[in-house]
1. Based solely on its DSSP helices, what 222 nm [θ] is calculated for the chain when runs of n ≥ 4 H residues each add -39,500 (n - 2.57) and the sum is averaged over all residues, nearest 500 deg cm²/dmol?
2. In terms of the Cα gyration tensor, with a ≥ b ≥ c the square roots of its eigenvalues, is the chain rounded because a/c is under 1.5, prolate because a/b exceeds b/c, or oblate?
3. What residues from region 140-158 fall in the zone where the backbone N is under 19 Å from a label point 7 Å along the Cα-to-C-beta line of S115?
4. At a 1.4 Å probe radius, carbon and sulfur cover how many percent of the accessible area of region 145-210?
5. Quick one: which of 161-170, 59-68 comes out on top by average Cβ neighbours within 10 Å, and what's the full order, highest first?
6. Using 1/(1 + (r/R0)^6) with R0 = 25 angstrom and r between the beta carbons of V130 and E94, what's the FRET efficiency to the nearest 0.05?
7. If Lys and Arg each add +1 and Asp and Glu each add -1, what is the summed charge of the other residues whose beta carbon sits under 13 Å from the beta carbon of V10?
8. How would you order 90-96, 52-58 from highest to lowest mean count of nearby Cβ atoms within 10 Å?
Amino acid sequence: MTSTYGDVEVSAQGLPEWLLPVARLAETIEPRQLSRFLPPEQGGGRPSAVLVLFGEGPAGPELLLMERSGSLRSHAGQPSFPGGALDPEDGDPEEEGPLRAALREAEEETGLDPSGVQVFAVLPRLYIPVSGFVVTPVLGWWRRPTPVGAVDPAETARVFTVPVADLTDPANRATTVHPSGHRGPAFLVGSALVWGFTAGVIDRILHYAGWERPWDRAKRVPLDWRA
């Protein structure tokens, strides 16, 4: 299936077989199935986008993540998908803007070559209350991988890939409790604790793609787990 957002093509043609469940879930998933935090009905929030990029590495299917610099104003030190706020030159926030922003930010943060990324789906917009971002998750297939790394240490502490097998391993899964009392899924992978918005999106993708394995939801991991 191929569609266009403005002048940006979105196509699931030629995806590897293992990635097709993710493409299929994107066709039918409802916002409430992804998160209880949705954009304000009255509008508002800062339009942004993240690139949920799947590739294939030595350990099989993998996902590209980065760790944000500890000096950033929002979400400092958190593992996350590459991404950020839309710039005016990205275009219409309702059309091609989020796709362009996701690819542009991924290039700026990790150094990847956007021409090697095949955007195959766009998930419903979600909301991050603590920062006021309205986030569009853009799903991509790393058709032609290129070297990646932290481009600007002021923004990115490190860039790493995580095998999907590690994300689905019950031993790596837990629940975090934020000081606000909010509970959410977490992943102990790549010497990082992935939590918050990023972990929530990964958790829902694993679930609706049929990749989730039973895990102990009573297992708690503190946000200061390294302390």
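1. Working: 5 runs with 45 residues, N = 227.
Result for the chain, helices only: -5500 deg cm²/dmol.
2. Working: a/c = 1.28, a/b = 1.18, b/c = 1.09.
Since a/c stays below 1.5, the shape of the chain is classed as rounded.
3. 141-149
4. Details: 1540 of 2670 Å².
Roughly 58 percent of what the probe reaches on region 145-210 is carbon or sulfur.
5. For the peptides 161-170, 59-68, the packing ranking is 59-68, 161-170.
6. Working: r = 24 Å, r/R0 = 0.97.
That pair, V130 with E94, gives E of 0.55.
7. Charge balance in the 13 Å sphere: -4.
8. On the way: 90-96: 16.3, 52-58: 19.1.
Sorting 90-96, 52-58 by mean packing, highest first, produces 52-58, 90-96.
The values are calculated or read from the model by the stated rules, or taken from the named source; none is laboratory data. Values in this document were obtained by computation on a predicted structure and should not be read as measured data. Please note: Cβ atoms are built from the backbone with ideal geometry, for glycine as well, and neighbour counts cover all protein chains shown. We work out accessible area using only protein heavy atoms, side chains counted, and drop any ligands, DNA or RNA first. Shrake-Rupley method; radii C 1.70, N 1.55, O 1.52, S 1.80 Å.
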